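The values are calculated or read from the model by the stated rules, or taken from the named source; none is laboratory data. Quick caveat: nothing in here was measured; it's all calculated off a predicted structure. In this analysis, Cβ positions are derived from the backbone assuming ideal geometry, glycine residues included, and neighbour counts consider all displayed protein chains.
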Amino acid sequence: MSLPAQSPHLATVASDADDIRDIRGLVEVSSPWDFVLWLVVVLVLVAALGWLVRWLRRPPRPPPAPSPDAVAFEALERARAWMTPAQAERFGTAVSTAVRQYIEARFEVSAPRRTTEEFLRDLTRRPVAELSAHVSRLDELLRRMDLVKFAREPLDEPQMEGLLDSAHDFVRQTRPGGPESVP
């Protein structure tokens, strides 16, 4: 069966009709700023994630250093173990060292490497306000400890207890906050 012959003009019209399509909606063309915005968002997220990982991996903070008076009280309590007449020299050295290290740490005065005379002379030359009122008590305590350490002066337990109490009182009277603060 053959198809009827069509005019060439009609064939062209039919093919053009098939070619016509309906209008589509607007095609949105993305702005270059959209890319920049997404890039910034991604960078912020990566930075936040990096900060979070670093924060989670940070080493724990070390505990605060003990105060000079707490260190001195602890050293004085350790000296109590040598409160026997046979160990008077060791006891005197421990108490003297505890007091001198306390003064060095608390008042920023170099104490452990000087003789008692040099140390007390420097204190009177450059008086430290909180320490000035206690220089005579300190002088008496350190000279007594020097006699025990260097002259090997014998001490009995009540004398040792008195020297230890005197050292405790000195630290208690000169610590920050004064004698009212907790031990």
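Count of the stretch 156-183 residues, restricted to those that are modelled with pLDDT of 85 or more and either of a type in the set (S, T, N, Q) or more than 17 Å from residue 77 (Cα to Cα) (or both), is 5.
When you scan the stretch 81-103, do you find a residue that is assigned by TED's automatic domain parsing to the domain that holds residue 169, out of contact with any helix residue (DSSP H, G or I) (no Cβ under 6 Å at 6 or more places or on another chain), among the basic types (Lys, Arg) and touching a residue at least 60 places away in the same chain (Cβ under 8 Å), even just one? No, the stretch 81-103 contains no residue that is assigned by TED's automatic domain parsing to the domain that holds residue 169, out of contact with any helix residue (DSSP H, G or I) (no Cβ under 6 Å at 6 or more places or on another chain), among the basic types (Lys, Arg) and touching a residue at least 60 places away in the same chain (Cβ under 8 Å). Selection of the stretch 131-172 for residues being surrounded by fewer than 14 Cβ atoms within 10 Å (Cβ to Cβ), on the phi < 0 side of the Ramachandran plot and charged (D, E, K, R) yields 140, 143, 156, 157, 161, 165. When 123, 142 are checked against the criterion of being at pLDDT 85 or above and among the aliphatic types (A, V, I, L, M), 142 stands alone in meeting it. Looking across the stretch 121-130, the residues that are in a helix (DSSP H, G or I) and surrounded by fewer than 17 Cβ atoms within 10 Å (Cβ to Cβ) come down to 121, 122, 124, 125, 129, 130.
Go through the stretch 50-86 and count every residue that is more than 22 Å from the chain's Cα centre (by Cα), among the aromatic types (Phe, Trp, Tyr) and more than 30 Å from residue 149 (Cβ to Cβ). Number satisfying all stated conditions: 0.
Of the candidates 65, 86, 70, the single residue that is surrounded by fewer than 17 Cβ atoms within 10 Å (Cβ to Cβ), aliphatic (A, V, I, L, M) and not in a helix (DSSP H, G or I) is 65. Residue 109 fails exactly one of the following numbered conditions: (1) part of a helix (DSSP H, G or I); (2) farther than 15 Å from residue 71 by Cα. What is the number of that condition? With (1) part of a helix (DSSP H, G or I); (2) farther than 15 Å from residue 71 by Cα applied to residue 109, the lone miss is (1). Return yes or no: is residue 44 assigned to a helix (DSSP H, G or I), modelled with pLDDT of 90 or more and outside the structural domain of residue 122 (by TED's automatic domain parsing)? Considered against the rule, which asks whether it is assigned to a helix (DSSP H, G or I), modelled with pLDDT of 90 or more and outside the structural domain of residue 122 (by TED's automatic domain parsing), residue 44 comes out as yes.
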